[in-house]
Amino acid sequence: MSSKPNGESIAIYPGTFDPITNGHLDLINRGLCLFDKVIVTIAINPGKEPLFSLDERKEMILECYTEEDRVEVDTVSGLLVEYAAQRNARAIIRGLRAVSDFDYEFQLALMNRKLERSVESVFLMPGFRWIFISSSIVKDAASHGGNVGGLVPEHVEKMLIDKYR
């Protein structure tokens, strides 16, 4: 992979981030070790009914990186690989938690390569302490009054408590 014209290596990290978890943060931080910039890209999916608004999700993510100017937050509603090319990103970061994730992610990576050869898919595994976490599991636990402290940033935990109150 060669650098983009401005010399900056950019990666896109897509997801719904409803809400962002410590597992997501782990992958963003791993991405920052590999790339100059990570654009956390909130995917807008009309088929999903998120718990948090788009603005709330953006704010959750931005609050995690107030001291880090190499993280940007944006949204996308079309083809992610086209968005990545428009933003001069050289990679799309995808997280793999379990073998079951691989089949879908592999197919998606092959389709993205077919659509845009200049953008690579980079698969990262979160640290073992985050391997079981997903936004869905966190929301389910929080909706039943479960303690999700340590699974999400403190400000996100407070927002979850407020939503389910």
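The values are calculated or read from the model by the stated rules, or taken from the named source; none is laboratory data. Because the structure is predicted, anything quoted here is derived from the model rather than measured. A quick note on method: Cβ atoms are made from the backbone with ideal geometry, for glycine too, and the neighbour counts reach across all protein chains shown.
Among the residues of the stretch 128-145 satisfying the criterion of being surrounded by 14 or more Cβ atoms within 10 Å (Cβ to Cβ) and out of contact with any helix residue (DSSP H, G or I) (no Cβ under 6 Å at 6 or more places or on another chain), which is farthest from E56 (Cα to Cα)? Break it down stepwise before answering.
Residues of the stretch 128-145 that are surrounded by 14 or more Cβ atoms within 10 Å (Cβ to Cβ), as a first pass: 130-131, 133-135, 137-139, 141-142.
From what's left, out of contact with any helix residue (DSSP H, G or I) (no Cβ under 6 Å at 6 or more places or on another chain): 131, 134-135, 137-139, 141.
On the way: I131: 25, S134: 18, S135: 15, I137: 19, V138: 17, K139: 15, A141: 20 Å.
Looking at the filtered set, the residue picked out is I131.
Quickly run through the stretch 63-85 and pick out the residues that are under 20 Å from V138 (Cα atoms) and surrounded by 15 or more Cβ atoms within 10 Å (Cβ to Cβ). If you could, list the steps in order and put the result at the bottom.
Taking the stretch 63-85 as the starting set, the residues that turn out to be under 20 Å from V138 (Cα atoms) are 63-64.
Correct list: C64 only.
Does any residue in the stretch 93-122 that is in contact (Cβ under 8 Å) with a residue 12 or more places away in the chain come within less than 6 Å, Cβ to Cβ, of a residue that is surrounded by fewer than 18 Cβ atoms within 10 Å (Cβ to Cβ) and of a type in the set (D, E, K, R) six or more places away or on a different chain, and which pairs are these?
Pairs that qualify, where the first residue is in contact (Cβ under 8 Å) with a residue 12 or more places away in the chain and the partner is surrounded by fewer than 18 Cβ atoms within 10 Å (Cβ to Cβ) and of a type in the set (D, E, K, R), are R94/E105.
Can you confirm whether T21 is under 22 Å from E154 (Cβ atoms), polar (S, T, N, Q) and within 10 Å of the chain's Cα centre (by Cα)? It would help to see each step written out before you state the result.
Details: under 22 Å from E154 (Cβ atoms): yes; polar (S, T, N, Q): yes; within 10 Å of the chain's Cα centre (by Cα): yes.
Judged against the criteria, T21 is a match.
Among the residues in the stretch 75-89, are any touching a helix residue (DSSP H, G or I) at 6+ places or on another chain (Cβ under 7 Å) and among the polar types (S, T, N, Q)?
Yes, that holds for at least one residue.
Where the second residue is among the polar types (S, T, N, Q) and the first is touching a residue at least 24 places away in the same chain (Cβ under 8 Å) and lies in the stretch 140-165, which pairs have Cβ atoms under 8 Å and are six or more apart or on separate chains?
Within 8 Å, the pairs are G150/N22; L151/T21; L151/N22; V152/T21; V152/N22; P153/N22; V156/T21.
Of the residues that sit in the stretch 85-102 and are in a helix (DSSP H, G or I) and among the hydrophobic types (A, V, I, L, M, F, W, C), which one is farthest from L54 (Cα to Cα)? Walk me through it before giving the result.
Restricting attention to the stretch 85-102, the residues satisfying the condition of being in a helix (DSSP H, G or I) are 85-86, 99-102.
Next, only the ones that are among the hydrophobic types (A, V, I, L, M, F, W, C) stay: 85, 99, 102.
Working: A85: 23, V99: 30, F102: 28 Å.
Only one residue tops the list, namely V99.
Identify, from the list E68, E105, E82, the residue that is of a type in the set (D, E), closer than 16 Å to H24 by Cβ and in a helix (DSSP H, G or I). Spell out the reasoning first.
Details: E68 fails: in a helix (DSSP H, G or I); E82 fails: closer than 16 Å to H24 by Cβ.
Sole residue among the options that is of a type in the set (D, E), closer than 16 Å to H24 by Cβ and in a helix (DSSP H, G or I): E105.
Suppose the filter is assigned to a helix (DSSP H, G or I), touching a residue at least 60 places away in the same chain (Cβ under 8 Å) and either of a type outside the set (G, A, S) or in contact with a strand residue (DSSP E or B) (Cβ under 7 Å, 6 or more places away or on another chain) (or both); does M60 pass it? Give the steps one after another, and end with the answer.
Numbers: assigned to a helix (DSSP H, G or I): yes; touching a residue at least 60 places away in the same chain (Cβ under 8 Å): yes; either of a type outside the set (G, A, S) or in contact with a strand residue (DSSP E or B) (Cβ under 7 Å, 6 or more places away or on another chain) (or both): yes.
Criteria met by M60.
Would you say V71 is closer than 14 Å to Y13 by Cα, more than 16 Å from the chain's Cα centre (by Cα) and among the β-branched types (V, I, T)?
On the way: closer than 14 Å to Y13 by Cα: yes; more than 16 Å from the chain's Cα centre (by Cα): no; among the β-branched types (V, I, T): yes.
In short, no.
Could you list, in sequence order, all residues of the stretch 109-146 that are small (G, A, S) and part of a helix (DSSP H, G or I)?
A109, S135, S136, A141, A142, S143, listed by residue number.
Of all residues being touching an Asp or Glu at 6+ places or on another chain (Cβ under 8 Å) and among the polar types (S, T, N, Q) in the stretch 116-150, which is farthest from I20 (Cα to Cα)? Just the residue, please.
Among residues in the stretch 116-150 that are touching an Asp or Glu at 6+ places or on another chain (Cβ under 8 Å) and among the polar types (S, T, N, Q), the one farthest from I20 (Cα to Cα) is S121.
Please find, within the stretch 16-43, the residue that is surrounded by the fewest Cβ atoms within 10 Å (Cβ to Cβ) out of those that are assigned to a strand (DSSP E or B) and either among the acidic types (D, E) or at pLDDT 95 or above (or both).
Narrowing the stretch 16-43 to residues assigned to a strand (DSSP E or B): 37-43.
Still in the running and either among the acidic types (D, E) or at pLDDT 95 or above (or both): 37-42.
Details: K37: 18, V38: 27, I39: 22, V40: 28, T41: 24, I42: 21.
If we take residues in the stretch 16-43 being assigned to a strand (DSSP E or B) and either among the acidic types (D, E) or at pLDDT 95 or above (or both), then K37 is surrounded by the fewest Cβ atoms within 10 Å (Cβ to Cβ).
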